[in-house]
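Reading through the structure tokens given below for one structure.
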Amino acid sequence: NIRGLLQAEIFGNFLEIGEHLLSEGYKDAAAVTIGAVLEDALREICKINGISTTKPNGSPMTIEPLNTELAKAEIYSKLVQKQITSFAHIRNKAAHGQYSEYDHAQVELMLLFVQSFSEQNLGS
């Protein structure tokens, strides 16, 4: 459908931005950008599978609660859940200025994971 095509295009564009930032040495900005794509992908997978993306108070869920709900619904394995948790930590470290807590290679792995994860689960 058109919405799915647009979503795939947006994910692809932001992943390209993250890849470019990483190739230019901006691992921190890349980690935040790639993490945002991961969070949006999780939110979209929840919607596709009829899983709520909001907390009881109406605020949007973040990566970890979305990840927990998707794993609980067996949309993907516990191993994938743990991988997502690991990459969510990198994104959070980047977003909170804890730049020495991760390195360029870990952000590269994050990029590869999110690219593959998006293709497998959203066809993007």
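The values are calculated or read from the model by the stated rules, or taken from the named source; none is laboratory data. If you're wondering where the values come from, they're calculated on a predicted model, not measured in any experiment. Cβ coordinates were reconstructed from backbone atoms using ideal geometry, including for glycine residues, and neighbour counts include every protein chain displayed.
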Could you go through region 62-81 and let me know if any residue there is touching a strand residue (DSSP E or B) at 6+ places or on another chain (Cβ under 8 Å) and among the charged types (D, E, K, R).
no
Within region 74-112, how many residues turn out to be in contact (Cβ under 8 Å) with a residue 60 or more places away in the chain, in a helix (DSSP H, G or I) and buried (at least 17 other Cβ atoms within 10 Å of the Cβ)?
6
Given the conditions (1) modelled with pLDDT under 95; (2) under 13 Å from the mean Cα position of the chain (by Cα); (3) among the hydroxyl-bearing types (Ser, Thr, Tyr), which single one is not true for residue 85?
(1)
Within region 8-64, restricting attention to residues that are among the charged types (D, E, K, R) and more than 25 Å from residue 98 (Cα to Cα), which residue is modelled with the lowest pLDDT?
9
Looking only at region 62-73, count how many residues are in contact (Cβ under 8 Å) with a residue 24 or more places away in the chain and assigned to a helix (DSSP H, G or I).
5
